[in-house]
1. Of the conditions (1) touching a Ser or Thr at 6+ places or on another chain (Cβ under 8 Å); (2) under 30 Å from residue 226 (Cβ atoms); (3) surrounded by fewer than 16 Cβ atoms within 10 Å (Cβ to Cβ), residue 88 fails just one. Which one is it?
2. Using the structure shown, decide if residue 147 is over 27 Å from residue 101 (Cα atoms), assigned by TED's automatic domain parsing to the domain that holds residue 302 and modelled with pLDDT under 95.
3. Restricting attention to region 168-211, report how many residues are within 11 Å of residue 239 (Cβ to Cβ), within 30 Å of the chain's Cα centre (by Cα) and either of a type in the set (Phe, Trp, Tyr) or assigned by TED's automatic domain parsing to the domain that holds residue 98 (or both).
4. Filter region 79-93 for residues that are among the aliphatic types (A, V, I, L, M) and in contact with a His (Cβ under 9 Å, 6 or more places away or on another chain) and give the result.
5. Going through 122, 167 one at a time, which residue ends up being among the aromatic types (Phe, Trp, Tyr) and either part of a loop (DSSP other than H, G, I, E, B) or free of Cβ contacts under 8 Å to residues at least 12 places away in the same chain (or both)?
6. Can you list the strands (runs of 3 or more DSSP E) lying wholly within region 231-305 that have 2 or more residues being small (Gly, Ala, Ser) and either closer than 22 Å to residue 203 by Cβ or at pLDDT below 90 (or both)?
7. Is one or more of the residues making up region 208-225 among the hydroxyl-bearing types (Ser, Thr, Tyr), closer than 17 Å to residue 265 by Cβ and either part of a helix (DSSP H, G or I) or modelled with pLDDT under 95 (or both)?
Amino acid sequence: MDLIAVRTFVTAVDAGQFQEAAANLSITPQAVSKRIAVLEKDLGVQLFSRTARGARLTIDGQAFLPYARALLQAEERAAASVRPGRRALRVDVIGRQVSVAGLLRDFHRAHPETDLDVVTLFDSDTAIAAVRSGTIDATFRAVTMPGRQLPDGIEATPVYDEPLHLFTGPAHEFAAARAITPAQLAGRRIWMPGNLPGTEWAAYYDELAATFGLTIDAVGPNFGIEPLLDTIAASSTLATFVSEQTPLVWPAGHDLRRIPLHDPTPVYPHSLIWRTDNPHPALTALRNHLTSAYPGRPDNGTWTPDWAQGATQPS
């Protein structure tokens, strides 16, 4: 539908006559008549009845008017959605309950005027392709995977190294420990059914397992976090890893335990990834906020894969 003709129709209704509508639109009265005639032809109905006293809305014109106004409002919203400084900043996180979603919430509290559109894409390849195509403005991910590099024009900077905890039920051998070392987990079974091959988190945990001699068991359907908690709570041999900031709620009877890991502390390397030519002002604000909030990767005492250590440091 020709929105110029629709706007002319609404302007004519509001003005009360074609001549005044023409003045408001800076066109001739003949142009107003022509636009409305084209619209009537497209719709197959008469919108105005022409008389010696002027033009009056027909019943069809009255029926069409609220929808015409809605069309113009939709056009304005569509234009505003991509107007510089008006479009919501579209950012991907692995999940809405993970720590990087909390980083976004902190940013929004500091910049409440910034509109955010938070999406959850599946893996890093999908997310980086979306950044590259402009579907999203940025993504929080582990920077890369073994043997892979970021495409040209895509940049990453570390924003948070999140410590891991061992998560066990009350009967597990480490349930009473205040902290353990990764070396103590050698030969133990860590159950993580969400570790799908080809994902950046599976690559991270595979290298963690190879480095410290533990076993990551991804066998079994992934029914989500609640069935996982039920199974861990009832087992004396199964444990899993959770990140320090992962919010979890479980029944009191489960008596689940979070046990910090140290000497070294495995940390999951979250980075912000974006296109270097993205002009969105809120992206700059987000990067500045994260840079000021991120204390920098510690020189020792932590472990992360070699392929994640080459991430660009904040400037």
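1. In the conditions (1) touching a Ser or Thr at 6+ places or on another chain (Cβ under 8 Å); (2) under 30 Å from residue 226 (Cβ atoms); (3) surrounded by fewer than 16 Cβ atoms within 10 Å (Cβ to Cβ), residue 88 misses (2) alone.
2. Taking the combined requirement at face value, the residue satisfies it.
3. Looking only at that region, the number is 1.
4. Answer for region 79-93, where residues must be among the aliphatic types (A, V, I, L, M) and in contact with a His (Cβ under 9 Å, 6 or more places away or on another chain): just 89.
5. Of the residues listed, the single one that is among the aromatic types (Phe, Trp, Tyr) and either part of a loop (DSSP other than H, G, I, E, B) or free of Cβ contacts under 8 Å to residues at least 12 places away in the same chain (or both) is 122.
6. 239-243
7. Yes, that holds for at least one residue.
The values are calculated or read from the model by the stated rules, or taken from the named source; none is laboratory data. None of the values given here were measured: they were computed from a predicted structure. Reconstructed Cβ throughout: ideal geometry from the backbone, glycine too, with neighbour counts over all protein chains shown.
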